[in-house]
Amino acid sequence: MPSSLTLIFMAIFCLESLAAMLQNGFLVTVLGREWVRCRTLSTSDMIVACLAASRFCLHGVAMANNFLASLDFWRTAPYVNTFWDLFNALTLWFTALLVAFYCVKISSFSHPTFAWLKWRISRSVPRLIQVSLIICGLEVISSATGNILFGPRKVSLNSYGNETLVYRVQASCELYFFLYEGFVLSIPFLLFLVSTVLLIVSLCWHLGQVRDRRSGPCHPSTQAYTMALKSLTFSLIFCTLYFLFLFVSALKIVNFQNHWHWAWEVLIYANICLHSTFLVLRSPKLKKGLKTWPQLQCPCAAGS
């Protein structure tokens, strides 16, 4: 029987995951409704819709993975882990793609490369989304290979009591997934980090120019740049913490058991839950959709 502290963290994790799935489901519904109505979406909304869909699936698979692991359903673990790796990779790549898009569109660096990217980026977003899907598909093949090969073999060796072989298989498994996670997590995170830093530098430079030309911090332009910098700072904090938590889990620096495992899961997924909330609250279109959400859910009430 789980302890009371374990049950508390399990309940928090479930509520957090359900809230995140509701938020991302709302994002997909609003943007999908706009796409059906207008037959088109802006490039930024296209990326946000893909990001929200991947996060919705990621939270659902995370809940299934944690509860199956707590119930010792080891036969299903390799397959659930493979789906988790897929949606986690998609989440990281779409997050990096969203920030890189804003970096190219908003920043005003005079380098010819930025001018060329600014001209090409909007038309290239559908292709970049396809490339991200292909990359994640190739990555998940590697993940599935490791999960299917190493997982059952370790269990079968345990049943024969061969501790030396179990240790070797476990070491090979940890090295394989360390290299895999390091490669999969680092590339999109570095793209996200570089894009965010460049965008913050550009906005700080613009903010200094605006303050020199216009007096007072309450000018609308000054407030807009300040709000954008705050938004980027919060996004940088959320996504960096999520990356660090995942990397610590991949390195197995700390082995959490019982309630501390669930507390660690709460910390990991709190970051993407907060970032999804931030996306909803910072978009005028999504805030407008949030006001009409009850009508979308209950069309009979809207008709009466």
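Exactly one of these conditions fails for residue 105: (1) of a type in the set (D, E, K, R); (2) at pLDDT 90 or above; (3) surrounded by fewer than 15 Cβ atoms within 10 Å (Cβ to Cβ). Give me its number.
(2)
For the structure I just gave you, tell me whether residue 67 is surrounded by fewer than 19 Cβ atoms within 10 Å (Cβ to Cβ), modelled with pLDDT under 85, out of contact with any strand residue (DSSP E or B) (no Cβ under 8 Å at 6 or more places or on another chain) and not in a helix (DSSP H, G or I).
So residue 67 fails the test.
Report yes if residue 132 is part of a helix (DSSP H, G or I), open to solvent by 20 Å² or more (accessible area, probe 1.4 Å) and polar (S, T, N, Q), otherwise no.
Numbers: part of a helix (DSSP H, G or I): yes; open to solvent by 20 Å² or more (accessible area, probe 1.4 Å): no; polar (S, T, N, Q): yes.
So residue 132 does not fit the description; no.
To keep it simple, each residue is scored yes or no on (1) at pLDDT 80 or above; (2) farther than 20 Å from residue 109 by Cα; (3) open to solvent by less than 30 Å² (accessible area, probe 1.4 Å).
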| position | (1), (2), (3) |
| --- | --- |
| 179 | no, yes, no |
| 195 | yes, no, yes |
| 218 | no, yes, no |
| 240 | yes, yes, no |
| 251 | no, yes, no |
| 271 | no, yes, yes |
| 284 | no, yes, no |
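Across the stretch 199-210, what is the total count of residues that are surrounded by 18 or more Cβ atoms within 10 Å (Cβ to Cβ) and modelled with pLDDT of 85 or more?
The number of residues fulfilling the criteria is 1.
With the condition kept exactly as written, say whether any residue in the stretch 36-46 is modelled with pLDDT under 90, among the aliphatic types (A, V, I, L, M), open to solvent by less than 40 Å² (accessible area, probe 1.4 Å) and not in a helix (DSSP H, G or I).
Among the residues of the stretch 36-46, at least one is modelled with pLDDT under 90, among the aliphatic types (A, V, I, L, M), open to solvent by less than 40 Å² (accessible area, probe 1.4 Å) and not in a helix (DSSP H, G or I), which makes the answer yes.
With of a type in the set (Gly, Ala, Ser) and closer than 17 Å to residue 266 by Cα as the only criterion, which of 53, 19 stands out?
Within the list 53, 19, the selection yields 19.
The values are calculated or read from the model by the stated rules, or taken from the named source; none is laboratory data. Small disclaimer: the values here were computed from a predicted structure and weren't measured. Here Cβ is always computed from backbone atoms with ideal geometry, including for glycine, and neighbour counts include all displayed protein chains. Quick note on the areas: whole protein, heavy atoms, side chains included, nothing else; ligands and nucleic acids left out. Shrake-Rupley method; radii C 1.70, N 1.55, O 1.52, S 1.80 Å.
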